[in-house]
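Undergrad: Here it is: the structure, laid out below.
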Amino acid sequence: MARGPIAAFETMLPPNAAPPKTLVIRYAGAEKKLRDQYVYQTYLSMQARDQMALVPGNRLVIRFGEEVVGEGQAILVEKITLAKLTRYDAISAGYESAEAQRKHLLETVLQGVRKPEQAEFYKILYRWL
């Protein structure tokens, strides 16, 4: 019989549990909130979400740039457009304002999209484990 905290953790995971997916947060304004565990939301392009095959329930490794900050679990993976974003979305994702959020999303998640105002992308809501 295995002993110790690692062995106990291993027995809690179901045998078919997928390895965690990695979410990388790169917006500099989100770093402090991310480290204080207030940021619970991020965004992915359609291609990035499809490549990761991210669905609610997936375990996540949350990184800021190259540094691992913690582990979480996806609780919402929802298609959204720029028009549907609210001030609350901006705050919970670590942006100073809705305009800063919009600018960053246009430069990153929606970069190269032909009609960014109408383009869909994914809002990822996660909780810390």
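All of the numbers you see were taken from the coordinates with simple rules; none came from a lab. Source: prediction; values computed, not measured. Using ideal geometry, Cβ is built from the backbone for each residue, glycine included, and neighbour counts are taken over all protein chains shown.
Undergrad: Taking neighbour Cβ counts within 10 Å as the exposure measure, how do Phe64, Phe121 sort from fewest upward? Display every interim value, and only then the final one.
TA: Numbers: Phe64 20, Phe121 23.
Exposure proxy ranking, most exposed first: Phe64, Phe121.
Undergrad: At a Förster radius of 41 Å, what calculated FRET efficiency corresponds to the Cβ-Cβ distance of Glu96 and Asp50, to the nearest 0.05?
TA: Efficiency, rounded to the nearest 0.05: 0.85.
Undergrad: May I pose another question? What number, rounded to the nearest 500 deg cm²/dmol, is the helix-based mean residue ellipticity at 222 nm of the chain, given -39500 (n - 2.57) per DSSP H run of at least four residues and division by all its residues?
TA: Result for the chain, helices only: -7000 deg cm²/dmol.
Undergrad: Continuing with the same structure: Relative contact order for the stretch 17-128: what is it in percent, counting Cα pairs under 8 Å that are at least 6 residues apart? Write out the running numbers ahead of the final one.
TA: On the way: 190 pairs, mean separation 41.1, N = 112.
In percent, rounded to a whole number, it is 37.
Undergrad: Taking the Cα atoms only, what angle lies between the long axis of helix 98-107 and the longest principal axis of the chain, rounded to 10 degrees?
TA: It is inclined by approximately 80 degrees.
Undergrad: How much length is gained if the chain between Gln118 and Asp36 is pulled fully straight, taking 0.36 nm per residue apart and subtracting their Cα-Cα distance, in nm to one decimal?
TA: Extra length from Gln118 to Asp36 when fully extended: 26.2 nm.
Undergrad: Let me ask something else about it. Using the C-alpha atoms of the chain, what convex hull volume per residue, in cubic angstrom, is computed? Walk me through the numbers on the way to the answer.
TA: Numbers: hull volume 14.4 nm³, N = 129.
Taking only Cα atoms, the chain has a hull volume of 111 Å³ per residue.
Undergrad: Here is a follow-up. For Lys21, enumerate residues with amide H under 5 Å from its amide H, sequence gap 5+ or separate chain, H modeled in the peptide plane.
TA: Those lying under 5 Å, H to H, from Lys21 are Arg59, Leu60, Val61.
Undergrad: Based on Cβ point charges of +1 for Lys and Arg and -1 for Asp and Glu, what charge dipole magnitude is obtained for the chain about its Cα centre, in debye rounded to the nearest 20?
TA: 160 debye
Undergrad: Please give the contour-minus-distance gain from Glu67 to Gln111: 0.36 nm per residue of separation, less the Cα-Cα distance, rounded to one decimal in nm.
TA: On the way: separation 44, 0.36 × 44 = 15.84 nm, distance 2.41 nm.
Once the chain is fully extended between Glu67 and Gln111, it gains 13.4 nm.
Undergrad: For the stretch 32-81, what is the charge dipole size about the Cα centre, in debye to the nearest 20, if Lys and Arg each add +1 at the Cβ and Asp and Glu each add -1 at the Cβ?
TA: 100 debye
Undergrad: Could I ask something else about it? Find the relative contact order for the stretch 16-69 and round it to a whole percent, using C-alpha pairs within less than 8 Å whose residues are 6+ positions apart. Don't jump to the answer; show the numbers that get you there.
TA: On the way: 44 pairs, mean separation 32.7, N = 54.
About 61 percent, as a whole number.
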